[in-house]
1. With contacts defined as alpha carbon pairs under 8 Å and 6 or more residues apart, what's the relative contact order of region 165-297 in percent?
2. Using only the alpha-carbon atoms, how far is helix 277-289 inclined from the longest principal axis of the chain? Give it as 0 to 90 degrees, nearest 10.
3. In degrees, nearest 10, range 0 to 90: what is the angle between the Cα axis of helix 149-159 and the longest Cα principal axis of the chain?
4. Order these by the 10 Å Cβ neighbour count, fewest first: 387, 301.
5. Computed FRET efficiency, Cβ-Cβ of residue 67 and residue 424, R0 25 Å: what is it to the nearest 0.05?
6. Looking only at 37, 210, 168, which one moves most when the chain is put into a Gaussian network model with springs between Cα atoms under 10 Å?
7. Between region 93-172 and region 273-300, what is the C-alpha centre distance in whole Å?
8. How much length is gained on full extension from residue 150 to residue 244, taking 0.36 nm per residue of separation minus their Cα-Cα distance?
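Only the coordinates and a few stated rules stand behind these numbers; no lab work does. The model shown is predicted, which means the values in this text are computed figures rather than measured ones. Here the Cβ positions follow ideal geometry from the backbone for every residue, glycine too, while neighbour counts run over all protein chains shown.
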């Protein structure tokens, strides 16, 4: 029987900030298994740190979101947001579940094509589409969402040089009652810019206006702004039908649905405050169904939600490197997971768990990453059990954006594992090595010894 570790008694002031509605919760249960697979075994087999994705959670979350919308509206199409997580294995899984692809760059467009997605099932968003990108997307029959007038004029010019008529929508930004208003992308509704763009498209007769699109914000904690956005898109669709006898085939409400992560500064945890898929579905579909659009001409509702579909499925596993006492008296624990690979730690209070049974004694702790940067803070203040060097930790809900916004800085990026529905682990991205960067670098001869 292993001898119990000695834990010295401590007296420390409480400076972790205001407690939540549960008070200072000190009962931290470990996460020792993910989908039936031992965390310790994963780290032993694949190294630390390690990203882990759960196919079971992805599938369950997607099916839950699909049920919420299809039970309320007859014509629903999801389009997987590549920027949220564009690992080929992840994209392929969402495509197998029925999602189209939503991309915002030529790079992502090529990934979608290589993942076997037909051009007509690719939605091309974003302000940076080159002429070559637009020609390719037009010839492939992709849905091009126009972001600005320069792009609109370039598309009209392209239409003269190809046999196909580009299928387009416009992105509309608008006041939905939230602050700050997202007005950087697309054409504004209130000042008439969106209606101006629509008229230019229709009068040119060189583009096929098939849809209207908006993306009103990110991490939307209230579903009501989606009702406002839907109403304004429908008003535009009805005006188009009235003036041009032209019916819009789809409304794309974009993404922005919140995950269950807790934002920094929030009083209540995200698990309590995050709207459900049913809440979002009610807000959007009620407006369409009760509008003046005739039942036989109901548009397809496209959803580009990414974060809410993948966040819960992601984990990052790591190891304690050291403990120390800060000048303030606060305990600091250093782990091998830095902000370079956990970018969302800048705006989330990520849940962190030990991976093994540990002491029930907790202490106000700052969790640092391994980087030589003062901003490498995973959690500024958390009541956390005392872990020793070599112990392991698990951080939940990191599936969105961390694997696309991460960066190689000081440390190399680790492996990514997918656990399938039969609890088998698959490497879906290898860890980086020095050769990855050496192959891209060129040292001038005069600098070589």
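1. Details: 196 pairs, mean separation 31.6, N = 133.
Computed over region 165-297, the figure is 24 percent.
2. 10
3. Roughly 60 degrees, rounded to the nearest 10.
4. Ascending number of Cβ neighbours within 10 Å: 387, 301.
5. Working: r = 27 Å, r/R0 = 1.07.
Once the sixth-power term is evaluated, E becomes 0.40.
6. Highest fluctuation among the options: 37.
7. If we compute the Cα centre of each part, the gap is 26 Å.
8. On the way: separation 94, 0.36 × 94 = 33.84 nm, distance 2.37 nm.
Between residue 150 and residue 244, full extension yields 31.5 nm more.
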